[in-house]
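The values are calculated or read from the model by the stated rules, or taken from the named source; none is laboratory data. Treat the numbers as computed from the prediction; the structure is a model and nothing was measured. Note that each Cβ is placed from the backbone with ideal geometry, even for glycine, and that neighbours are counted across all protein chains shown. Side chains are part of the model used for accessible areas, which takes the heavy atoms of the whole protein and leaves out ligands, DNA and RNA. Shrake-Rupley method; radii C 1.70, N 1.55, O 1.52, S 1.80 Å.
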Amino acid sequence: MTLPTLEPLSGADAAALRAVHDQFSAALLRQDFDAVAALYAEDAVLLPPQEPAVHGRAAIRKWTAAVPRVTRIVLEVDDLDGRADVAYMRGTFAMTLEPEGAPAVSVVGKYVEVLKKQPDGAWRFAVDIFNSDAP
């Protein structure tokens, strides 16, 4: 039996995947946590560093809203690939957090994201893991 060959990502899909990062960054900077959460699939899993997994869009929204204010975020994509309705992005991030009543903190690190194309054609995060480069 021969398995079907899945087509590689189209240029339009690659652009749409990168646009998810742009939407994520913009929403996070304006503290629009509903818009951030909407970029995750309903059953998505967020895997933050040194914390338990966060399951589901509503819980991801709550977790994101609890993060100190983000005043700068840069997401670099080092690798992007996929087939049909599943893709991944791997890269680095740099961000500045401003905790209330404390000095700003700069964080650099790396991430891996798995995204799934939804029935409406939109790409949404299914799995998102990130961690800092700091020891």
Residue identified as polar (S, T, N, Q), open to solvent by less than 70 Å² (accessible area, probe 1.4 Å) and out of contact with any Leu (no Cβ under 6 Å at 6 or more places or on another chain) among Gln50, Gln118, Gln31: Gln118
Filtered residues of the stretch 121-135 (kept if over 15 Å from Glu76 (Cβ atoms), open to solvent by 50 Å² or more (accessible area, probe 1.4 Å) and outside any strand (DSSP E or B)): Ala134, Pro135
Count - residues of the stretch 1-28 that are touching a residue at least 12 places away in the same chain (Cβ under 8 Å) and over 14 Å from the mean Cα position of the chain (by Cα): 6
Top-ranked residue of the stretch 79-103 - restricted to ones that are farther than 19 Å from Lys116 by Cα and under 15 Å from the mean Cα position of the chain (by Cα), ranked as most open to solvent (accessible area, probe 1.4 Å): Thr92
